[in-house]
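Student: Just dropping this structure here.
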Amino acid sequence: DLGVRVAVSSTDEVGELAHAFNAMAHARQRSEHLRAQLVSDVAHELRTPLTNLRCGLEALQDGLSAPTPEAMGSLLEEALLLSRLVDDLQHLAIAEAGGLRMRREPLDVGELVQRVLAGMSPTAASRGIALESQMPHALPALLADATRLGEVLRNLLANALAHTPSGGRVRVHAEVLPGVLLLHVEDTGRGIAPEHLDKVFERFYRVDPARSRATGGVGLGLAIVRQLVEAHGGQVSVESTVGEGSRFSLRFPLDAGPMTRAA
Ligand code: ADP
């Protein structure tokens, strides 16, 4: 029974043991609760696209709708959303279980940023957003998994591009402090209101669910970002002003290592 508590009546060793036991029981109860919450969130997220898919197929089968390219396209869209959701969940589950296989090697972050930006620049251009980077000339090597860190940057940049209107600007820049590398992804987008700021890293948290579904997000992107950054011993944070823009910052510990680029 997870609800068992030991009465604490003394401050000696037995009392301390009782305290420790109660703390453990509490932590276990909390983790059971979180698991139940996650299962219920997942069921909820799966239900909408599944219902849309099922109703769409039934309408086709019953001859109530015609298999026009638009109708098929929107069904495919629901199926894609489901695939993405399942992929994201699997990724997150593996990361949270600490089972993510990380291949950390001394990494030239400047080069990684350039590569990721090159991949995103067609999207930025098609939306009329300037995509820029400003990296110091000499960056110390970061012990990191290039694939995972690339994924973190792509996620943050995709969000920045999705929430920034045409004519805006998205910028990646780095700062080196003693023992610390900071990477910022900044946008001039719509921003995030203070009451949402500390929640955006939670699983399935969306500031505006209706709007976000249209852009395909289910609120897992930033939860995955946080897991991946923490797997590197780093931290992620966000600052934002509504109507002005947002800035996501990654903070990584630097192990004293060789410079990857000469000044
Ligand atoms: P999703 O995949 O739904 O976008 P995320 O976990 O990536 O979920 O983000 C959670 C929420 O944070 C989103 O619903 C979005 O409203 C908000 N958000 C994330 N990045 C930005 C940004 N750069 N500007 C404004 N809002 C953002």
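The values are calculated or read from the model by the stated rules, or taken from the named source; none is laboratory data. Quick caveat, the model's predicted, so the values are computed rather than measured. Counting neighbours? That spans all protein chains shown, and the Cβs are built from the backbone with ideal geometry, glycine included. Just so you know, the surface numbers come from the protein's heavy atoms only, side chains and all, with ligands and any DNA or RNA stripped out. Shrake-Rupley method; radii C 1.70, N 1.55, O 1.52, S 1.80 Å.
Student: If you check every pair at least six apart or on different chains, which have Cβ atoms under 7 Å apart with a residue in segment 34-60 that is closer than 17 Å to residue 74 by Cβ first and a residue that is outside any helix (DSSP H, G or I) and at pLDDT 75 or above second?
Tutor: 59/65; 60/67
Student: All but one of (1) open to solvent by less than 80 Å² (accessible area, probe 1.4 Å); (2) farther than 19 Å from residue 170 by Cβ hold for residue 106, so report the exception by its number.
Tutor: (1)
Student: If I ask for residues that are closer than 16 Å to residue 225 by Cβ, part of a loop (DSSP other than H, G, I, E, B) and among the charged types (D, E, K, R), which ones from segment 176-205 would you list?
Tutor: 198, 199, 202, 203
Student: For segment 210-246, what are the residues that are exposed (fewer than 14 other Cβ atoms within 10 Å of the Cβ), near the ligand (Cβ under 10 Å from one of its atoms) and at pLDDT 90 or above?
Tutor: If the condition is that a residue be exposed (fewer than 14 other Cβ atoms within 10 Å of the Cβ), near the ligand (Cβ under 10 Å from one of its atoms) and at pLDDT 90 or above, then 242 is the only one that fits.
Every residue, every condition in (1) open to solvent by 100 Å² or more (accessible area, probe 1.4 Å); (2) farther than 30 Å from residue 142 by Cα; (3) in a helix (DSSP H, G or I), yes or no:
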position	(1), (2), (3)
30	yes, yes, yes
41	no, yes, yes
75	no, yes, yes
91	no, no, yes
101	yes, no, no
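Student: Give the residues of segment 159-186 that are open to solvent by 20 Å² or more (accessible area, probe 1.4 Å), near the ligand (Cβ under 8 Å from one of its atoms) and in contact (Cβ under 8 Å) with a residue 60 or more places away in the chain, sorted by residue number.
Tutor: 159, 163 - these are the residues of segment 159-186 that are open to solvent by 20 Å² or more (accessible area, probe 1.4 Å), near the ligand (Cβ under 8 Å from one of its atoms) and in contact (Cβ under 8 Å) with a residue 60 or more places away in the chain.
Student: Sticking with this structure for a sec: Tally the residues that are modelled with pLDDT of 90 or more and open to solvent by 60 Å² or more (accessible area, probe 1.4 Å), restricting the search to segment 120-158.
Tutor: So the answer is 7.
Student: For residue 149, are the conditions met, namely being within 16 Å of the chain's Cα centre (by Cα), within 12 Å of the ligand (Cβ to nearest atom), part of a helix (DSSP H, G or I) and at negative phi?
Tutor: Judged against the criteria, residue 149 is not a match.
Student: Are any of the residues in segment 189-197 within 11 Å of the ligand (Cβ to nearest atom), modelled with pLDDT of 90 or more, open to solvent by less than 30 Å² (accessible area, probe 1.4 Å) and under 26 Å from residue 253 (Cβ atoms)?
Tutor: No; the residues of segment 189-197 include none that is within 11 Å of the ligand (Cβ to nearest atom), modelled with pLDDT of 90 or more, open to solvent by less than 30 Å² (accessible area, probe 1.4 Å) and under 26 Å from residue 253 (Cβ atoms).
Student: A further question follows. For residue 79, which of the numbered conditions (1) modelled with pLDDT of 85 or more; (2) open to solvent by 60 Å² or more (accessible area, probe 1.4 Å) fails to hold?
Tutor: It is condition (2) that residue 79 fails.
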